[in-house]
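Undergrad: Next up is a structure, given as structure tokens.
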Amino acid sequence: MGTIWVYAEASGGQVASISLELLARARELADTVEAVVGGDGEPIAAELGAHGATTVHATGDLGDGLAGPAVASAIAAAIEGGAAPDAVLFGTTYDGRDVAGRLSVKLGVPVITNIVELDQADGSLVGTEPVFGGTVNVSTRFNGSGVGLFLVRPKSFAAEESGGGPASVSALPVPDLGATGTARVVDRFAEESTGPKLDEAGVVVSGGRGLGEAEKYSMIEDLAKLLGGAAGASRAIVDAGWVPYSHQVGQTGKVVKPDVYVACGISGATQHMVGMKGSKNIIAINKDAEAPILGIADLGVVGDVHKVIPKLIEALQARS
Amino acid sequence: MDIVVCVKQIPDPADPGELDPETNTLKRDMKLIMDESDSYGVEMALQLRDAAGEGEVTLVSMAPHEEVNGLRSALAMGADKAILVSDEALAGTDALGTARVLAAAIGRAQADLILAATESSDGYTGTVPEQVAELLGLPSVTFAKEIQADGGEVRVKRQTEAGYDEVRCPLPAVVSVTAGVVEPRYPSFKGIMAAKSKPMDQVGIADLGVSPDQVGWAGGGQEITDVSPAPEREAGEIITDEGDAHERIVALLEELRIV
């Protein structure tokens with residue numbers, strides 16, 4: 001394969017881990033790997049280069065505009081102007097999905113989504129997506145002409161440095177966006193978070209319906225903190241408004257692959273399992289012995305979370 | 001304020017069925033229900049309409065076999081009318097083709113605001129709202145956790161990795177909402193009865209001016225090369241709590257050097 005472009009995201013001068021994961025896999029599949037950035041390229045050119053990108057196509061500061069329409073239009077214009085990547089890889093992130101969706105319409109090609117494996121067969125890329133809660137894998141490839149667009153789930157590949165020097169920065173002009181570019185970010189809020197990010201934590205403790213009420217979620221947060229981990233949630237309690245969407249683990253939330261995943265009062269709907277079954281070790285506590293989550297747990301406890309977790313917290317506190 | 005809500009009708013997620021061995025797509029020949037993810041958009045639309053004190057909420061859906069079951073649920077919640085696109089030529093349509101159909105159907109309604117879920121519970125591509133916006137040439141804000149209408153614009157709190165962004169977006173616009181953005185109401189008996197007589201505009205792709213080669217298998221531009229079972233994860237040790245299960249958990253955490 002000739003050239004793969006990777007949509008690289010960054011904040012505070014640091015490249016997102018999903019983008020580094022994509023660069024690592026792209027390097028194994030293509031002769032040339034280049035990054036596309038919605039923002040300034042210079043501050044991250046060294047890091048992107050160290051992970052295998054030879055060039056960074058950067059739009060420059062987007063100001064208060066959203067990445068979706070700006071980056072999609074810029075990529076489409078570059079391709080129209082003669083740039084010819086065989087594929088563009090995006091992380092399944094808030095902005096990654098926006099850019100891929102807009103670009104798909106501009107180029108008239110589909111996006112292959114929720115990819116967890118990416119391979120080459122007969123000269124084309126094949127993406128594999130888990131369905132039915134990760135029990136079945138479906139592989140898909142493009143059969144039309146044009147650029148292949150893939151949305152890849154975080155944690156599918158391991159990031160790895162290539163030892164390359166800084167990437168050269170090339171301007172990626174953003175055309176006039178018309179009405180599509182009229183949304184403006186007027187303020188940015190960082191939610192206070194102590195401890196590691198959900199999708200990067202070594203330990204994730206998640207709560208579900210079995211907690212019974214929203215107030216009991218504090219047990220999950222306490223346990224996560226004691227274990228130096230992050231607190232997650234099933235879709236059921238996010239839908240119920242107990243915790244924000246940013247905590248959701250599952251098909252429609254974050255995919256996590258920690259060393260230890262502790263599922264508390266979560267039955268194990270397919271929706272949830274697809275987001276955590278890649279964890280190295282799974283501990284599940286559920287009062288229903290028939291709960292599907294117990295079928296994939298390394299240690300399954302048939303018991304009441306309201307009894308087991310407080311004792312667990314007490315035992316861990318006594319040690320520290 | 002006139003609002004369109006995109007509603008997907010899907011197999012019950014509790015019993016999602018299976019893939020058709022011939023086409024490798026999800027079988028949809030059972031009764032379909034409203035995707036729960038869409039109930040948030042419907043509720044949001046009802047609240048915005050009622051706050052504005054005027055306007056209509058129109059549902060737009062694409063479904064096989066002229067399925068209206070899920071649309072009736074949303075009409076029972078209080079939506080005013082629905083447009084259903086059902087056409088044999090749509091079998092096998094992917095996300096981009098779906099967006100083409102929805103965009104064309106939305107064109108039949110006068111909309112200030114178009115709402116959708118961030119992704120469906122079955123296909124979960126998560127690209128359709130943005131594709132619809134691009135096809136309609138509109139601005140968009142995805143992953144909304146709060147929406148307020150303010151004159152000719154919406155103010156949206158958009159979920160981000162770090163927290164959220166406050167985004168102002170002029171109307172008309174497309175906004176996708178996350179689950180939990182509002183609490184969907186349960187339909188009342190009166191609502192359920194009223195839903196039966198609300199307008200249901202049933203159309204095919206020819207009515208929308210969508211060409212058959214833009215949708216279905218032909219319009220997809222992708223093919224499934226393999227379907228195989230994923231490696232199974234074996235169950236480990238199962239214990240029943242007799243008041244000491246926490247000790248076993250601590251022992252395992254020690255073994256794994258977490259504590």
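None of the figures in this text is laboratory data; all of them are computed from the coordinates on show. The shown structure was predicted, so the numbers you read here are calculated from the model rather than taken from an experiment. Cβ: placed from backbone, ideal geometry, glycine included. Neighbour counts: every protein chain shown.
Undergrad: Given a cut-off of 26 Å, name the pairs among B:LYS145/B:LYS198; A:LYS307/B:LYS157; A:LYS106/B:LYS27; A:LYS225/A:LYS287 whose C-alpha atoms lie farther apart than that in the structure shown.
TA: B:LYS145/B:LYS198; A:LYS307/B:LYS157; A:LYS106/B:LYS27
Undergrad: Going by amide H atoms built from the backbone, whose H comes under 5 Å of the H on B:GLU146, apart from near neighbours?
TA: Hits under the 5 Å cutoff: B:LYS157.
Undergrad: When only alpha-carbon atoms count, how far does the stretch A:203-319 stretch along each of its three principal axes, as whole angstroms with the largest first?
TA: In descending order, the Cα extents are 37, 28, 25 Å.
Undergrad: Which of A:ARG235, A:ARG27, A:ARG188 moves the most in a Gaussian network model of chain A with Cα springs under 10 Å?
TA: Comparing A:ARG235, A:ARG27, A:ARG188 in a Gaussian network model of chain A, the most mobile one is A:ARG188.
Undergrad: Send over the semi-axes of the stretch A:68-174's equivalent ellipsoid, whole angstrom and largest first, taken as the square roots of 5 times the C-alpha gyration tensor eigenvalues.
TA: Its equivalent ellipsoid spans semi-axes of 24, 18, 15 Å.
Undergrad: Return the calculated 222 nm mean residue ellipticity for chain A, to the nearest 500 deg cm²/dmol, obtained by summing -39500 (n - 2.57) across DSSP H runs with n ≥ 4 and dividing by the residue count.
TA: Using -39500 (n - 2.57) per qualifying helix, the result is -8000 deg cm²/dmol.
Undergrad: Under the rule of at least 5 residues apart or a separate chain, name every residue whose amide H is placed under 5 Å from the amide H of A:LYS254.
TA: Under 5 Å from the amide H of A:LYS254 lie the amide H atoms of A:GLN248, A:VAL249, each far enough along the sequence or on another chain.
Undergrad: Counting only residues 5 or more places away or on other chains, whose amide H sits under 5 Å from the amide H of B:GLN222 once H atoms are built in the peptide plane?
TA: A:ASN143
Undergrad: Under 19 Å from the Cα of B:LYS31, which lysines turn up, not counting those fewer than eight places away in the same chain?
TA: Excluding near neighbours in sequence, the set is B:LYS8, B:LYS196.
Undergrad: Then there is this: Which three semi-axes in whole Å describe the equivalent ellipsoid of chain A, each the square root of 5 times a Cα gyration tensor eigenvalue, listed largest first?
TA: 39, 21, 18
Undergrad: Can you give the angle from 0 to 90° between the axis of helix B:36-52 and the longest principal axis of chain B, with both taken from C-alpha atoms, to the nearest 10?
TA: So the helix axis and the longest Cα principal axis differ by about 50 degrees.
Undergrad: Which whole-Hz couplings ³J(HN,Hα) result when phi for each residue of the stretch A:315-320 is put into the Karplus expression 6.51 cos²θ - 1.76 cosθ + 1.60, θ = phi - 60°, listed in order with x for Gly and Pro?
TA: 5, 6, 5, 5, 7, 8
Undergrad: Could you tell me which residue out of A:ILE283, B:LEU48, A:THR54 lies farthest along the dipole of the protein assembly as shown toward its positive end? Charges go on the beta carbon: Lys and Arg +1, Asp and Glu -1, centred on the Cα centre.
TA: Towards the positive end, the residue furthest out is B:LEU48.
Undergrad: Same structure again: Using θ = phi - 60° and the Karplus curve 6.51 cos²θ - 1.76 cosθ + 1.60, what whole-Hz ³J(HN,Hα) does each residue of the stretch A:28-42 get, with Gly and Pro shown as x?
TA: After applying 6.51 cos²θ - 1.76 cosθ + 1.60, I find 6, 9, 10, 6, 10, 10, 10, 9, 10, 10, x, x, 6, x, 3 Hz.
Undergrad: Still on this structure, I have one more. Just how far, in whole angstrom, is the stretch A:59-99 from the stretch B:106-142 if you go by their alpha carbon centroids?
TA: The two parts, judged by their Cα centres, are 18 Å apart.
Undergrad: Round to a whole angstrom and tell me the spacing of the C-alpha centers of the stretch A:222-276 and the stretch B:1-68.
TA: One Cα centre to the other: 26 Å.
Undergrad: Stokes-Einstein at 4 °C, 1.567 mPa s, Kirkwood radius from Cα pairs: D for the stretch B:3-220 in µm² s⁻¹?
TA: It diffuses with D of about 74 µm²/s by this estimate.
Undergrad: Based on DSSP H runs of at least 4 residues, each adding -39500 (n - 2.57), what is the mean residue ellipticity at 222 nm of chain B after dividing by all its residues, to the nearest 500 deg cm²/dmol?
TA: Estimated from H runs of four or more residues: -8000 deg cm²/dmol.
Undergrad: Next up: Can you tell me the dipole magnitude for the protein assembly as shown around its Cα centre, using point charges on the Cβ only (Lys, Arg +1; Asp, Glu -1), in Debye to the nearest 20?
TA: Roughly 700 debye, rounded to the nearest 20.
Undergrad: Still on this structure, I have one more. For the protein assembly as shown, take every pair of Cα atoms, bin their distances at 20 Å starting from 0, and report each bin as a whole percent.
TA: 21, 55, 24, 1
Undergrad: I would also like to ask the following. I'd like the Karplus ³J(HN,Hα) series for the stretch B:63-80: coefficients 6.51, -1.76, 1.60, θ = phi - 60°, whole numbers in Hz, and an x wherever there's a Gly or Pro.
TA: 8, x, 6, 6, 5, 10, 3, x, 5, 4, 4, 6, 5, 5, 5, x, 5, 8
Undergrad: Rounded to whole Å and sorted largest first, list the principal axis extents of the Cα atoms in the stretch A:3-181.
TA: 43, 40, 30
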